[in-house]
Amino acid sequence: MLNKVINAIEKYDMLSSSKKVTVALSGGADSVTLLYALLSLKEDLGIELSAAHLNHQLRGEESERDEAFVKALCKKLNIPLVCEKTDIN
């Protein structure tokens, strides 16, 4: 799987202008997998990794659990996180 990530980065020239990568981290399987993949490749790619989470407050307690999970994950992995909350309704 990591080779697929590297191939996509190279194919679409995703890191040509910057070595700072911020993962939009919802707390779902896709964004968490991407975060772990990029963390594994951080040294090889020469990137600074961070994450951002926006709690849209659409799903009540589930949204709060997602936010808490993202905060705990980033703390555990020592990844800088920007976390915001807004009621989009």
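The values are calculated or read from the model by the stated rules, or taken from the named source; none is laboratory data. For clarity, every value in this text was computed on a predicted model and none was experimentally measured. Don't worry about glycine lacking a Cβ; one is built from the backbone with ideal geometry, like all the others, and counts go over all protein chains shown. What goes into the accessible areas is simple: the full protein's heavy atoms, side chains included, and nothing from ligands, DNA or RNA. Shrake-Rupley method; radii C 1.70, N 1.55, O 1.52, S 1.80 Å.
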Seminar exercise, completed: With -39,500 (n - 2.57) per DSSP H segment of 4 or more residues and division by the full residue count of the chain, the 222 nm estimate, nearest 500 deg cm²/dmol, is -16000 deg cm²/dmol
For this session: Over the chain, with every protein chain in place, what whole percent of the accessible area is carbon and sulfur at 1.4 Å, could you tell me?
Result: 51
Problem set entry | Summed residue charge, Cβ within 12 Å of Ser63's Cβ, Lys/Arg positive, Asp/Glu negative | -3
For this session: Kindly report, to the nearest 10 Å², the accessible surface of Tyr12 as traced by a 1.4 Å probe over protein heavy atoms only.
Result: 140
For this session: Taking only Cα atoms and a 10 Å spring cutoff, compute GNM fluctuations for the chain and point out the largest among Leu77, Leu54, Leu35.
Result: Leu77
Exercise. Binning every alpha carbon pair distance of the chain at 10 Å from zero, what are the percents per bin?
Worked result: 16, 46, 27, 11, 0
Seminar exercise, completed: Placing each pseudo-label 7 Å from Cα in the direction of the beta carbon, Ile88 and Glu62 end up separated by a distance in nanometres of 1.4
Problem set entry | Eligible lysines near Lys11 by straight Cα distance, threshold 26 Å, same-chain separation 8 or greater | Lys19, Lys20, Lys42
For this session: Answer with one residue from Leu41, Met14, Ala68: the one whose Cα lies farthest towards the positive end of the charge dipole of the chain, charges on Cβ with Lys, Arg +1 and Asp, Glu -1.
Result: Leu41
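Whenever you get a sec, line up Asp87, Asp30 from highest to lowest accessible area (probe 1.4 Å, protein heavy atoms).
On the way: Asp87 95, Asp30 135 Å².
So, going from the largest accessible area down, we get Asp30, Asp87.
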Exercise. To the nearest 10 square angstrom, how much accessible area does Lys85 have with a 1.4 angstrom probe?
Worked result: 100
